[in-house]
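Data block below; observations after.
The values are calculated or read from the model by the stated rules, or taken from the named source; none is laboratory data. Keep in mind that this is a model prediction, so the values were computed, not measured. All Cβ positions, even for glycine, are placed from backbone atoms using ideal geometry, and neighbour counts span all protein chains on display. Protein only, heavy atoms only, side chains kept; ligands, DNA and RNA dropped before computing areas. Shrake-Rupley method; radii C 1.70, N 1.55, O 1.52, S 1.80 Å.
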Amino acid sequence: MPQLELTLETVTPLFLAGADARGTPELRPPAFRGAMRYWLRAALGGVIGDNNLDALHKLESAVMGNTDFGSPIQLRLQGSLESSNYKILPHKEGREAGQRKAFNAKQVFNLTMRQLRTSDEAIWQMACSALQLALLFGGIGLRSRRGFGTLRITNSSDPKLIKSMPQSLPEWEKYVTYATSQAMTVARHLAVAQKVPTINLPKGPTRFPCANQSGMIWICDLDAKDGVDAVRQLMAKTRNDSAFGGIGREYRQASPLWVRVIPLDDKYGLLCTVVASNFKGSDYRRVREFLDGFEGNYIQAKGWNV
């Protein structure tokens with residue numbers, strides 16, 4: 001049965017709590033599986049559309065399982081990581097900043113993924129692409145949409161499925177277009193294999209967060225001294241605006257903006273991904289204005305947002 005081994009490095013503190021939310025963090029597969037599910041749906045929605053939810057459930061279940069049958073994909077994590085206290089809001093001071101224990105940056109651990117019970121190649125390739133998107137665009141654990149929990153792939157046992165991540169801005173741009181193109185091709189193959197009709201990339205914003213033509217990918221060099229400094233610079237400019245999600249009297253909405261810290265040769269930057277869906281308060285003009293406030297480049301990734 002297929003197997004993939006990745007060496008991962010923590011770029012920013014990893015808030016990965018166990019049973020005690022404020023206790024010692026724990027390296028557990030469910031957090032990674034949850035991230036894979038989100039980005040799996042995002043890729044699948046881009047090839048089957050946002051109206052065929054039964055088909056979406058069928059394809060998602062084939063890869064990640066459901067309440068009736070387990071997933072054929074198994075994850076295992078190995079490593080011993082040290083932790084410290086960190087501010088959840090590093091741009092604030094005192095009690096307002098909050099503190100939790102998190103795994104320290106610049107530590108490595110191993111992730112092994114296996115396919116069990118079935119040798120369906122389309123399922124395996126889709127699982128690999130979902131994992132790659134999760135590690136590329138987002139993070140793992142608390143505040144993962146705002147740069148915490150960022151991980152870097154430093155080594156892969158199969159670069160044809162998942163490549164190691166680069167350390168220069170031009171190479172990051174190439175990596176993004178490669179990974180998204182691969183994911184959308186694989187998602188289409190899975191849909192065809194499972195006899196689900198496919199469509200062209202939705203115009204968007206869509207009913208649920210998925211690849212569409214209204215999505216944005218933006219990359220910049222912040223000249224940050226470390227990963228936490230990159231997060232601090234981002235949060236210092238973040239608006240209290242319903243267009244970015246949040247919790248209010250009449251709504252509770254996850255942000256459409258995902259941010260990961262990108263380690264460069266001697267500094268740090270940001271990769272921001274906007275997965276455009278319809279929700280109360282959504283306004284992607286304001287989101288774009290926010291991103292324009294940084295000096296960076298927008299990436300047109302064929303099959304993902306064009």
What's the number of the condition Asp158 fails, among (1) acidic (Asp, Glu); (2) closer than 29 Å to Leu27 by Cβ; (3) not in a loop (DSSP other than H, G, I, E, B)? (3)
Considering each of Ser255, Ser242, Ser277 in turn, give the residue that is surrounded by 12 or more Cβ atoms within 10 Å (Cβ to Cβ), more than 19 Å from Lys203 (Cα to Cα) and under 18 Å from the mean Cα position of the chain (by Cα). Ser255
Determine the pairs where a residue that is open to solvent by 40 Å² or more (accessible area, probe 1.4 Å), located within region 199-219, has a partner that is among the aromatic types (Phe, Trp, Tyr) with Cβ atoms under 9 Å apart, the partner being 6 or more residues away or on another chain. Pro205/Phe279; Pro205/Tyr284; Pro209/Tyr38
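Condition first: open to solvent by less than 30 Å² (accessible area, probe 1.4 Å), part of a loop (DSSP other than H, G, I, E, B) and without any contact (Cβ under 8 Å) to a residue 24 or more places away in the chain. Can you find one or more residues in region 166-188 that meet it?
Yes, there is a match, as at least one residue in region 166-188 is open to solvent by less than 30 Å² (accessible area, probe 1.4 Å), part of a loop (DSSP other than H, G, I, E, B) and without any contact (Cβ under 8 Å) to a residue 24 or more places away in the chain.
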Select from region 19-75 the residues that are hydroxyl-bearing (Ser, Thr, Tyr) and either more than 21 Å from the chain's Cα centre (by Cα) or crowded, with 17+ Cβ neighbours inside 10 Å (or both) and list them in ascending order. Thr24, Tyr38, Thr67, Ser71
Using beta carbons and a limit of 6 Å, which pairs, at least six apart or on different chains, have the first residue in region 80-92 and farther than 16 Å from Ala21 by Cβ and modelled with pLDDT under 95 and the second one among the charged types (D, E, K, R) and surrounded by fewer than 18 Cβ atoms within 10 Å (Cβ to Cβ)? none
Members of region 104-151 found to be in a strand (DSSP E or B) and open to solvent by less than 10 Å² (accessible area, probe 1.4 Å), listed by number: Phe109, Leu111, Thr112, Met113, Gln115, Leu151
Collect the residues in region 152-164 that are open to solvent by 30 Å² or more (accessible area, probe 1.4 Å) and closer than 20 Å to Val261 by Cβ, keeping them in residue-number order. Arg152, Thr154, Asn155, Lys163, Ser164
